[in-house]
1. Please enumerate the residues belonging to the range 167-176 that are assigned to a helix (DSSP H, G or I), open to solvent by 30 Å² or more (accessible area, probe 1.4 Å) and in contact with a strand residue (DSSP E or B) (Cβ under 8 Å, 6 or more places away or on another chain).
2. If you scan the range 115-127, which residues turn out to be in contact (Cβ under 8 Å) with a residue 60 or more places away in the chain and crowded, with 19+ Cβ neighbours inside 10 Å?
3. Suppose we filter the range 259-275 for residues that are more than 8 Å from the ligand (Cβ to nearest atom), in contact (Cβ under 8 Å) with a residue 12 or more places away in the chain and in a loop (DSSP other than H, G, I, E, B); how many remain?
4. Restricting to the range 315-328, and then to whatever is free of Cβ contacts under 8 Å to residues at least 40 places away in the same chain and out of contact with any strand residue (DSSP E or B) (no Cβ under 6 Å at 6 or more places or on another chain), can you tell me which residue is farthest from M260 (Cα to Cα)?
5. Where in the range 290-397 are there strands (runs of 3 or more DSSP E), lying fully within it, with 1 or more residues that are in the same structural domain as E199 (by TED's automatic domain parsing), open to solvent by 20 Å² or more (accessible area, probe 1.4 Å) and within 12 Å of the ligand (Cβ to nearest atom)?
6. Before we move on, is V38 among the β-branched types (V, I, T), over 30 Å from P381 (Cα atoms), surrounded by 15 or more Cβ atoms within 10 Å (Cβ to Cβ) and within 31 Å of the chain's Cα centre (by Cα)?
7. Restricting the range 151-166 to residues that are modelled with pLDDT under 95 and outside any strand (DSSP E or B), which is most open to solvent (accessible area, probe 1.4 Å)?
8. Confirm whether K214 is within 23 Å of D254 (Cα to Cα) and under 17 Å from the mean Cα position of the chain (by Cα).
Amino acid sequence: MKILENTNILLGVTGGIAVYKAVELLRLLKKAGADVHVVMTDAAQKFVGRVTFEVLSENHVLCDLFEDAESSVKHIDLATAADAVVIAPATANTIGKLANGIADDAFSTTMMAVTCPVMICPSMNTDMYQNIRVQRNLDILEQDGLHILDPDSGVLACKTVGAGRLPEPWFIVDQLEELMTPNDLAGENILISAGPTIEAIDPVRFISNHSSGKMGYAVARAAKRRGGNVTLVSGPVNLDAPVGVEKVDVESCDQMKKEMLEHLKNADIIIKVAAVADYKPNDPMTSKIKKKDTKKKDLSIALTENQDILKLIGKKKTKKQFLVGFAAETDDLEKNALIKMEKKNLDMIAANIVGVEGSGFKADTNKMKLFFKDGSFKDIPLMDKNDVADLLLDTIIEKAGKSK
Ligand code: CTP
């Protein structure tokens, strides 16, 4: 599901140093498939000219109510057509005007006619941001139902350190997507495992697999965006935790098992994406194995089978819980997936062939086949893992009857 595809986003740009970041924000919104219209204040144009926004948005930029535009009520047209408004950066003056219903330029007059969701991204010096009048105005806007995105903390243009920095454009897009997503998983507790596990041989070496965690993290991000309370039990990966998700870091299968079982009781939906190492060394060394110690000995490592966490959950799960497993296969996809679904008492299994281009562990895309307990199945063609994640959740909602 590409949330912003074919949407009409109105980007309000007001005058602060962070206007340069609004250029990147515009680019990302376009990349996400949105038709973006920009309205700028006079002060904003002192930082970056309208031409930059005009070229990148491929639309006329409104700066002056009385300018020569195709329509004499351009501000009303823009407000009416918008599916959402993002104001980034939003200055103290802008926030004050919006909170008090002042409409004295093209931007604030347009805002007066807006009826769609609005996200305000304040950006200014820390003392200005913490000023009691600015905070009071933000409270008013929040009570009016507008969404306020807290500024980041860090070194500001004025060389002070504190809250007031405009969040990174990708984060603003992420939050906008969340704002525009139907909350069809609201109230659901979703437990997800992701990434590989690693099984220690000694303190510096381990057995693991190629899982990057991308699929599991995409599912966690999508579930959170759709209103779920998400707990993500993650093996070691190189990915940022999705915002708003409770992340529990683990390394080994035993640690993953402990955390999954601990969170199982409260879960409504369990999605076990993790690629758990099937075997662990019998006797991991507490000190590094030195070459000289192994020279005369057999170099094989004795292994013990790890417990199957999913199978254990399958035994414990209640009728109300919906359990989803994954199957990574190189051969006989359907046969192996169906055996795993049966053996582990799953409601659904998402099977994907590894080792083919564009699908599996390290890729950004995936191609899968979903099998269900009732004997039905569904093909998911090759697509971005974020889109696969949304399709998976759509299917889970449909099958589990969780839709609200
Ligand atoms: N799984 C698990 N605990 C394990 C092994 C696997 O919870 N010790 C889960 C995975 O998270 C995944 C599913 O079982 O959801 C299938 O994992 P996969 O590696 O494809 O299959 P295995 O059951 O390990 O069988 P095999 O390795 O023989 O294919």
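1. Answer for the range 167-176, where residues must be assigned to a helix (DSSP H, G or I), open to solvent by 30 Å² or more (accessible area, probe 1.4 Å) and in contact with a strand residue (DSSP E or B) (Cβ under 8 Å, 6 or more places away or on another chain): just Q175.
2. Within the range 115-127, M119, S123, M124 meet the criteria.
3. 3
4. K319
5. 303-305, 322-329, 348-353
6. yes
7. That would be K159.
8. Yes: the conditions hold for K214.
The values are calculated or read from the model by the stated rules, or taken from the named source; none is laboratory data. Just so it is clear, the structure is predicted and the values come from calculations on it, not from any experiment. Cβ sites come from the backbone with ideal geometry, for glycine too, and all protein chains shown count toward neighbours. Ligands, DNA and RNA are stripped out before the accessible areas are found, and what is left, the full protein with its side chains, is counted by its heavy atoms. Shrake-Rupley method; radii C 1.70, N 1.55, O 1.52, S 1.80 Å.
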